[in-house]
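Every read-out reported here was derived from the displayed coordinates using simple, explicitly stated rules and does not represent laboratory data. Note that the structure is predicted; figures quoted are calculated from it, not measured. In this analysis, Cβ positions are derived from the backbone assuming ideal geometry, glycine residues included, and neighbour counts consider all displayed protein chains.
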Amino acid sequence: MILLEPKKPRKAQLSYTIAALPDEVLAIVRLSWFADGKPKEVDEMVLLEDGDDGYSAFHKIVGAALIQGANVTISSSYRPEDLGIPT
C-alpha cells in the first residue's frame, strides 16, 4: 500500500497598493480564489467610505478571504496601517 501525503494548504497572499482614488472610495479589493492549487475565480469590489460600516465591511471581507485561502489585493488612498494592516 502506498500512502500519499496530503497536500499542504496554499498560503494566502496579501498585496497592498496606495493609489489615488475618489474621496468616497475606501478601497478596491480583489479576491483571487483557487481550487486544487489553480486559479478558479476572481471577485472585485469597491468599498465606499460609509462611516464605520465601510471599515467594518473592509475588515470582514479581507479577513474572511485570507482565512479561506484567497489572495487579496487592495488598492486604497490610505496607508495600510490606517486600515489596520501591519506593515
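Of all the C-alpha pairs in the chain, what % are more than 16 Å from each other? Roughly 56 percent, once rounded to a whole number. Full extension of the chain between Val42 and Ala64 yields a length gain of 6.4 nm, computed as 0.36 nm times the residue separation minus the alpha carbon distance.
Remark on Ser77: its backbone amide H falls under 5 Å from those of Ala19, Leu21, a criterion applied only to residues 5 or more positions apart or on other chains, H modelled at 1.01 Å from N.
If you take the beta carbon distance between Arg79 and Ala12 as r and set R0 to 22 Å, what does 1/(1 + (r/R0)^6) give as a FRET efficiency, to the nearest 0.05? Efficiency for this residue pair is about 0.55. Place a +1 charge on the Cβ of each Lys and Arg in the chain and a -1 charge on the Cβ of each Asp and Glu, then give the dipole magnitude about the Cα centre in debye, rounded to the nearest 20. So the dipole magnitude of the chain works out to roughly 760 debye.
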